[in-house]
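Only one structure is covered here, and it is reproduced in the block below.
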Amino acid sequence: MNKKNKQRINVVYSTNPNFHYEEASEEQATTLLPNQQKLYVSIDRKQRAGKEVTLVEGFVGSDDDLKELGKMLKSKCGVGGSAKDGEILIQGSFKQKVFDLLVAAGYSQTKQKGGN
């Protein structure tokens with residue numbers, strides 16, 4: 001099997017002589033401007049063995065931009081965390097600090113969720 005055909009696994013081939021295979025193109029998610037992002041900051045303890053994490057939800061954009069924002073927040077808070085699937089996890093309870101950092105970075109539509 002040549003390299004070009006390896007990318008076509010699970011493809012149904014046609015006997016139609018006019019058939020043309022169209023390869024799926026990866027759509028690049030366009031990142032909204034910071035002032036258009038509707039982010040929500042909350043404290044989460046679910047399925048984390050009782051440990052608190054600060055959760056930032058609602059990011060719309062590319063994974064690279066999400067990871068860049070997560071990296072900035074983690075470095076400013078001096079802790080670890082992760083950024084994937086439109087969410088940023090910051091280890092520890094930094095809800096107010098993360099909220100203030102996001103607003104200072106231009107994310108003016110950021111809101112806090114929950115009572116903590």
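The set of residues in segment 42-60 being more than 10 Å from Tyr107 (Cβ to Cβ) and either among the β-branched types (Val, Ile, Thr) or in a helix (DSSP H, G or I) (or both) consists of Ile43, Val53, Thr54, Val60. Among the residues of segment 66-93, the ones that are buried (at least 18 other Cβ atoms within 10 Å of the Cβ) and of a type in the set (Val, Ile, Thr) come to 2 in all. Would you point out the residue of segment 94-108, among those that are buried (at least 16 other Cβ atoms within 10 Å of the Cβ) and either in a loop (DSSP other than H, G, I, E, B) or in contact with a Gly (Cβ under 7 Å, 6 or more places away or on another chain) (or both), that is modelled with the highest pLDDT? Selected residue: Phe94.
What are the residues in segment 28-39 that are under 15 Å from the mean Cα position of the chain (by Cα) and either part of a helix (DSSP H, G or I) or at pLDDT below 80 (or both), if any? Reasoning before the result, please.
Keep residues of segment 28-39 that are under 15 Å from the mean Cα position of the chain (by Cα), which gives 28-34, 37-39.
Across segment 28-39, the qualifying residues are Gln28, Ala29, Pro34.
The values are calculated or read from the model by the stated rules, or taken from the named source; none is laboratory data. Please read all numbers here as calculations on a predicted model, not as lab measurements. Because the Cβ atoms are built from the backbone with ideal geometry, glycine has one as well, and the counts that use them run over all protein chains shown.
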